[in-house]
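Remarks on the structure that follows.
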Amino acid sequence: MKCKEGTGLRARPLVASGRRLLRMGTAISVLVAVIFFVLVMRVGVALLNSLSTPAPDPPPPGELRKVKLQYWCSLCGAELRMTLANDQEPEAPRHCQEDMVLLTPADEL
């Protein structure tokens, strides 16, 4: 290769710089792929860990539990919704001196 007159610098061929850019683009693509892989793996492992943790133990007897029960008085027609109870299936409340009728389906208890 000849030097440009008066500069003392040699001109670089375009082919060599094109190959270097191609290699650099490939390296960036590989880096992006590795970062994406690590991100997907972390999300996947976190999801599997959250699925594998067991449900918390039920509260000890005497503490209130969340329930969603609907009762109806057969004498006067009054309705009651129970949201907290000391047992998962508590005794029916009394109204008009009678036990109220449970309206909540058995499969939702």
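The values are calculated or read from the model by the stated rules, or taken from the named source; none is laboratory data. The structure displayed is predicted, hence computed values, not measured ones. Note: ideal-geometry Cβ built from the backbone for every residue, glycine included; neighbour counts use all protein chains shown.
Some notes on this structure:
- Filter result for Arg81 (surrounded by 10 or more Cβ atoms within 10 Å (Cβ to Cβ), assigned by TED's automatic domain parsing to the domain that holds Asp99 and of a type in the set (Lys, Arg)): yes
- Pairing residues of the stretch 42-69 that are modelled with pLDDT of 85 or more with residues that are not hydrophobic (A, V, I, L, M, F, W, C), at Cβ distances under 6 Å and at least 6 apart in sequence or on separate chains, gives Leu69/Thr104.
- With respect to the conditions (1) more than 25 Å from Pro58 (Cβ to Cβ); (2) in contact (Cβ under 8 Å) with a residue 24 or more places away in the chain; (3) of a type outside the set (A, V, I, L, M), Cys76 falls short on a single one, namely (2).
- Count of residues meeting criterion [loosely packed, with under 11 Cβ neighbours inside 10 Å, of a type in the set (Lys, Arg) and not in a helix (DSSP H, G or I)] in the stretch 40-67: 1
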